[in-house]
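Here the structure is laid out as structure tokens; the discussion comes afterwards.
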Amino acid sequence: MGNNPMTNNKMAVRLEDLKTILLHLRSYVIDQVQHEDTSADLVDAIDHGITKVDRCMQSLTNEVRS
């Protein structure tokens, strides 16, 4: 990712925005999708995406520290 603080900061902001969008999408799916199996599959997929975003954010944080 590089050690450019400005680039890293922009990426962190974008990752945080992406996580916020995924959390809103997760809430929407839970509230609006009526078919239970579809809802569960979508929530699982969104949770997987959130986990990936968290890992990217952690990796970026570790890179900034080094």
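Annotations for the structure displayed:
- With distances taken between every two different alpha-carbon atoms, the chain has a Kirkwood hydrodynamic radius of 13.0 Å.
- Accessible surface of the chain [probe 1.4 Å, protein heavy atoms]: carbon and sulfur percent: 55 percent
- Taken along the Cα-to-beta-carbon direction at a fixed 7 Å, the label points for His48 and Met6 span 3.7 nm.
- Once the 1.4 Å probe is applied to the protein heavy atoms, the chain comes out at 75 Å² accessible per residue.
- Helical runs assigned H by DSSP (4 residues or longer) give the chain a calculated mean residue ellipticity at 222 nm of -31500 deg cm²/dmol, each run adding -39500 (n - 2.57) before division by the residue total.
- Computed extension length for His35-Glu63: 5.9 nm, one decimal, from 0.36 nm per residue of separation with the Cα-Cα distance subtracted.
- Against the main long axis of the alpha-carbon atoms of the chain, helix 5-32 sits at an angle near 10°.
- Considering only Thr7, His48, Thr20, the residue lying farthest towards the positive end of the dipole of the chain is Thr7, judged by Cα position with unit charges set on Cβ.
- Size of charge dipole - the chain - debye, nearest 20, with Cβ of Lys, Arg +1 and Asp, Glu -1, no other charges: 520 debye
The values are calculated or read from the model by the stated rules, or taken from the named source; none is laboratory data. Since the model is a prediction, treat every value here as computed from it, not as a measurement. Backbone-built Cβ (ideal geometry, glycine too); neighbour counts: all protein chains shown. Protein only, heavy atoms only, side chains kept; ligands, DNA and RNA dropped before computing areas. Shrake-Rupley method; radii C 1.70, N 1.55, O 1.52, S 1.80 Å.
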